[in-house]
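Peer 1: If you scroll down you'll find the structure; I have some questions about it.
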Amino acid sequence: MSATAASVTRHDWSLAEVKALFEQPFNDLIFQAQGVHRQHFDANRVQVSTLLSIKTGACPEDCKYCPQSGHYNTGLDKEKLMEVQKVLDAAAEAKAIGSTRFCMGAAWKHPSAKDMPYVLKMVEGVKALGLETCMTLGKLDQEQTKALAAAGLDYYNHNLDTSPEFYGNIITTRTYADRLETLSYVRESGMKICSGGILGMGESLDDRAGLLIQLANLPEHPESVPINMLVKVKGTPLAEEQDVDPFDFIRMLAVARIMMPRSHVRLSAGREQMNEQMQALAFLAGANSIFYGEKLLTTGNPQADKDMLLFKRLGIQPEAREEHDDEVHQAAIEQALVEQRDSKLFVNAAV
Ligand code: SF4
């Protein structure tokens with residue numbers, strides 16, 4: 001396929017086809033991905049989300065990469081479900097610094113009946129501020145997805161993490177089928193899906209291709225596809241894993257872009273270890289969404305003002321919501337970012 005050939009939205013990718021995409025010469029792959037990207041997006045806009053942990057640590061799941069799992073001793077400060085008003089205050093601050101989407105994460109196996117009313121109030125309140133809403137709360141049943149959709153939740157994040165074949169090496173307390181079931185309930189309820197995975201857990205190329213095949217061959221592509229680089233946290237079983245070759249990470253973004261041409265591909269956890277050149281290459285490969293704020297999940301995130309400086313140097317504008325005048329929006333972001341440095345609100349967000 002040439003970079004200018006019309007990209008087609010497909011749901012029937014085979015392993016051989018996807019591996020062939022990965023195995024192209026790097027320049028050919030990036031050229032193709034950028035060509036696909038430009039057919040569906042402004043190549044100089046990047047969507048910006050803010051992520052807040054609304055409940056941190058002591059998670060009963062055993063995801064081997066995660067410092068929030070109660071199975072590992074990582075020294076993480078555990079926090080109970082945040083008060084609704086504190087969440088709304090953080091959302092208002094995120095809006096003031098230019099985020100268009102506010103993602104709330106809780107380290108749960110699934111939300112309990114006791115917690116659901118608070119969670120729904122958070123969704124309603126954040127929505128009322130004029131932000132897009134996103135949550136990640138673990139496994140959901142149909143009643144819960146319906147209630148969240150009715151409260152105004154726009155996106156639900158539930159990552160597949162890796163291929164079905166490799167999954168059992170990473171998580172044993174929740175099945176791949178459980179994850180796919182939650183995604184199907186989210187889709188049925190009318191919410192948008194945010195789902196992706198992690199590189200650097202010891203997976204093979206087939207596993208990376210297998211993850212993208214699972215996502216792209218869903219009946220509808222996830223609207224948002226976070227691609228994470230493992231952040232190795234002491235105390236977790238994956239703390240000593242080998243680093244991913246940076247070019248292999250960029251290849252993953254490019255192949256995701258080609259396979260899911262209309263999705264936002266998000267450069268997520270692990271961005272702090274990436275230098276500016278690598279982030280620029282990631283945008284060239286078709287990544288068009290990032291998180292900013294003081295912290296991403298339980299790991300450091302490059303300071304938000306650094307992000308804006310990089311955007312400036314690359315001529316990238318944050319993807320604005322329609323009601324914003326771009327110049328005013330940009331100025332507000334830059335000013336508020338300076339003020340945000342001392343904020344303690346953006347802490348330890350959950351997966
Ligand atoms: S990734 Fe999510 S489900 Fe897994 S241990 Fe961490 S918080 Fe729990």
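Peer 1: When D154, D62, D245, D161 are ordered from fewest to most other Cβ atoms inside 10 Å of their Cβ, what list results? Before the final figure, lay out the partial values.
Peer 2: Values: D154 21, D62 16, D245 11, D161 24.
In increasing order of surrounding Cβ atoms, one gets D245, D62, D154, D161.
Peer 1: Note down, for region 29-106, the three equivalent ellipsoid semi-axes (square root of 5 times each alpha carbon gyration tensor eigenvalue), biggest first, whole angstrom. It would help to have the intermediate numbers written out before the result.
Peer 2: On the way: eigenvalues 216, 93, 12 Å².
Each semi-axis is the square root of five times an eigenvalue, giving 33, 22, 8 Å.
Peer 1: Place a +1 charge on the Cβ of each Lys and Arg in the chain and a -1 charge on the Cβ of each Asp and Glu, then give the dipole magnitude about the Cα centre in debye, rounded to the nearest 20. Before the final figure, lay out the partial values.
Peer 2: Numbers: 36 positive and 47 negative charges, 78 e Å.
That gives the chain a dipole magnitude of about 380 debye.
Peer 1: Counting only DSSP beta bridges with both residues in the chain, what percent are antiparallel, rounded to the nearest 5?
Peer 2: Details: 3 of 36 bridges.
Antiparallel bridges: around 10 percent, rounded to the nearest 5.
Peer 1: Restricting attention to the alpha-carbon atoms of region 97-243, what are Rg (one decimal) and Dmax (integer), both in Å?
Peer 2: 15.9, 44
Peer 1: What distance in nm separates the two pseudo spin-label positions at E220 and E188, each 7 Å out from Cα along the beta-carbon direction?
Peer 2: For E220 paired with E188, the spin-label model returns 1.5 nm.
Peer 1: Report, in listed order, any pair from K109/K234; K19/K306; K109/K146 with a Cα-Cα distance greater than 30 Å.
Peer 2: Numbers: K109/K234 22 Å; K19/K306 35 Å; K109/K146 18 Å.
Violating the 30 Å limit, Cα to Cα: K19/K306.
Peer 1: Stokes-Einstein diffusion coefficient for the chain at 25 °C in a medium of 0.890 mPa s, Rh from the Kirkwood formula over Cα pairs: what value in µm²/s? Each step should come with its number before you reach the end.
Peer 2: On the way: Rh = 20.2 Å.
The calculation lands on 121 µm²/s.
Peer 1: I'd like the isolated cysteines in the chain, meaning no second cysteine's beta-carbon lies under 4.7 angstrom from theirs.
Peer 2: Here C59, C194 come out as lacking a disulfide-compatible partner, given the Cβ-Cβ threshold of under 4.7 Å.
Peer 1: At a Cα cut-off below 14 Å, give the aspartates and glutamates reachable from K232, other chains included and same-chain residues fewer than 8 away excluded.
Peer 2: E240, E241, D243, E272
Peer 1: Pull up the cross-link candidates among the lysines for K312, meaning alpha carbon to alpha carbon under 21 Å and not fewer than 8 places away within one chain.
Peer 2: Counting by Cα, and skipping residues close in sequence, K312 has these lysines nearby: K95.
Peer 1: Rounded to two decimals, what ratio of Rg to Rh does region 5-46 give with C-alpha atoms and a Kirkwood Rh?
Peer 2: On the way: Rg = 11.7 Å, Rh = 11.6 Å.
Reported Rg/Rh, Kirkwood definition of Rh: 1.01.
Every number in this text was worked out from the coordinates using simple rules, so none of it is lab data. Treat the numbers as computed from the prediction; the structure is a model and nothing was measured. Quick reminder, even Gly has a Cβ in these numbers, built from the backbone with ideal geometry, and neighbours come from all protein chains shown.
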